[in-house]
Amino acid sequence: MDAAVIQVNMLGGFSIRREDAEVTVNARSKKLCLLLACLIRERQRTVLYSELLDLLWEGQDSDSTAFNALKAILHRARNFLDGLVPGQGRALILSREGGCQWNPEAPVAVDTEEFCALAHRAAQDARNQLAAGTEALALYRGRYLPMLAGSAWAAAEAGALHQLYLSTALSTLPLLAEAGRWQEVKDLSCAAFALEPHMEQLCRMYMEALYRLDRRQEAVQVYEEFQERLLAQKKMMPSDGLREFYRRVQRDSGPEALSPVLLLEQLQELPSQGALMCEYDFFRIVCHSMARLAGRSGEPIHIALISVVGGGDSPVAWNSLKRVMNNLQGIILSSLRRGDAAARCSASQYVLLLPQATYENSRMVCTRITRAFVRQYPHSPARLRVSVQPLPSAE
């Protein structure tokens, strides 16, 4: 066979190209995908039929029927590779004693191997770290052989490659930022964040890039979607540092100067009934302000924590918790006074600010909320647990 290089891409899909001809492994052909991927990765040795049987029928007993099926898959693989050049299949998959082998003399370039070489060079060569890192990251178009997500053989390789991708991205992004290459920071952090949507470091870099590119409303949206996702799936809030950066982006997203009239228009609250329901970060600021006022006036201020729990204080299933929290919010808003405030402080908790309320009055407010919840939702899988305590005044 001639010396034309065969390019094999396994990141984000599975395709094989030779010059202008290309064939793509269908996601439904998992055994064909496993066979070809194994032969290419182990192309310097003969892969025994017994190994291929164990690989393709993982966890199942193989018999003569399985061996006949393996021969049929090998036949399909050779026909598949004929799509590159007629007859290419038999030239690429060679029969050996007791097994078969990808032709070791056929020049092959595999994206996973190129990616690993560049990523390791970036980690070891400080002078070329940025160039090698960006080149490596450009090769990572997605997870390794995504159609084989359920295969233990592919999962081990996919996990190692993904961790190498993340470490390379996290070491390359600061170098791009230091060089002021913010468009590249944005593109890389966006791609990495799509693969790791719960990683705060990537969220911060993505927001920072959008902020530097004067796309601040997009940065705000990135944070808000991240917080909602983190709260829903991880039951936690972003860090204080990221929330502070979000507030800074929000502040800088507005007009540069305000007239006195526009200032009053923006500060004036629209007519509404009931308590103020706000974001937790804003709630904290309100508490700090009220604590200062209490330090001067001596008037009591209490906070109440309302937790949603299941039977035996076990967590409530997420599909039920979302509905319960929405229902509880409505009851809280209708039960509190106009001067009170409330915020959702975790996936399953609300915190209430009750100014000018004694401890006994605060307990009565919480009892009213609990009874209203039980009355309106008698078959709810959740129950409410309440804690009331004074807000320390700022001396």
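Most mobile of Phe283, Phe226, Phe67 per a Gaussian network model of the chain (Cα springs, under 10 Å)?
Phe67
Give, as a single signed number, the net charge of other residues whose beta carbon lies under 12 Å from the beta carbon of Ala117, with Lys and Arg counted +1 and Asp and Glu -1.
Values: positive: Arg121; negative: Asp111, Glu113, Glu114, Asp125, Glu135.
Surrounding charge for Ala117 is -4.
Less than 28 Å apart at the alpha-carbon level, and either on another chain or at least 8 residues along: which lysines does that give for Lys186?
Lys234, Lys235
How would you rank 106-112, 120-126, highest first, on the average number of other Cβ atoms within 10 Å across their residues? Please report the intermediate quantities before stating the final value.
Numbers: 106-112: 17.3, 120-126: 14.1.
Top to bottom by mean Cβ count within 10 Å: 106-112, 120-126.
Using only Cα atoms, find the angle between the long axis of helix 359-376 and the longest principal axis of the chain, and express it within 0 to 90 degrees, rounded to the nearest 10.
The answer is roughly 50 degrees.
How much of the accessible area of the chain, in percent, comes from carbon and sulfur atoms when a 1.4 Å probe is used? Mind showing how you got there, number by number?
Working: 10790 of 21200 Å².
It is 51 percent, rounded to a whole number.
Under 19 Å Cα to Cα from Lys322, which aspartates and glutamates show up? Leave out anything in the same chain fewer than 8 places away.
Within the straight-line limit of under 19 Å, Lys322 reaches these aspartates and glutamates: Glu224, Glu225, Glu228, Glu279, Asp313.
Explain nothing, just the number: dipole magnitude of segment 1-141 about its Cα centre with +1 on each Lys and Arg Cβ and -1 on each Asp and Glu Cβ, in debye rounded to the nearest 20.
Numbers: 16 positive and 18 negative charges, 39 e Å.
The calculation lands at about 180 debye.
For an R0 of 22 angstrom, estimate the FRET efficiency from the Cβ-Cβ distance between Gln60 and Ala155 and round to the nearest 0.05. Intermediate values should be presented prior to the final figure.
Working: r = 18 Å, r/R0 = 0.81.
Result of the calculation: an efficiency of 0.80.
Per residue, what accessible area does the chain have, given a 1.4 Å probe and all protein chains present, in Å²?
On the way: 21200 Å² over 395 residues.
Solvent-accessible surface per residue comes out at 54 Å².
Taking 0.36 nm per intervening residue step and subtracting the Cα-Cα distance, what contour gain separates Ala126 from Arg45 on full extension?
Numbers: separation 81, 0.36 × 81 = 29.16 nm, distance 3.51 nm.
Extending this stretch completely gives an extra 25.7 nm.
For the chain, what log10 I(q)/I(0) values come out of the Debye formula at q = 0.13 1/Å, with one point per alpha carbon and no solvent?
Taken in order of the listed q values, log10 I(q)/I(0) reads -1.09.
Pull up the cross-link candidates among the lysines for Lys30, meaning alpha carbon to alpha carbon under 30 Å and not fewer than 8 places away within one chain.
By straight Cα distance, Lys30 reaches Lys71.
Give the shape of segment 102-224 as rounded, prolate or oblate, defined through the alpha-carbon gyration tensor: a ≥ b ≥ c are the square roots of its eigenvalues, a/c under 1.5 means rounded, and otherwise the shape is prolate if a/b is larger than b/c and oblate if not.
oblate
Could you rank Asp82, Asp313, Asp20 by how accessible they are, 1.4 Å probe, largest area first? Before the final figure, lay out the partial values.
Numbers: Asp82 55, Asp313 75, Asp20 150 Å².
Correct descending sequence by accessible area is Asp20, Asp313, Asp82.
Classify segment 4-82 as rounded, prolate or oblate from the Cα gyration tensor: take a ≥ b ≥ c as the square roots of its eigenvalues, call it rounded if a/c is under 1.5, otherwise prolate when a/b beats b/c and oblate if not.
On the way: a/c = 2.00, a/b = 1.85, b/c = 1.08.
Here segment 4-82 falls in the prolate category.
The values are calculated or read from the model by the stated rules, or taken from the named source; none is laboratory data. Worth saying up front: this structure is predicted, and the values here are computed from it rather than measured. Every residue, glycine as well, gets a Cβ built from its backbone with ideal geometry; the counts of neighbours run over all protein chains shown. To get the accessible areas, we keep the full protein, side chains included, count just its heavy atoms, and leave off ligands, DNA and RNA. Shrake-Rupley method; radii C 1.70, N 1.55, O 1.52, S 1.80 Å.
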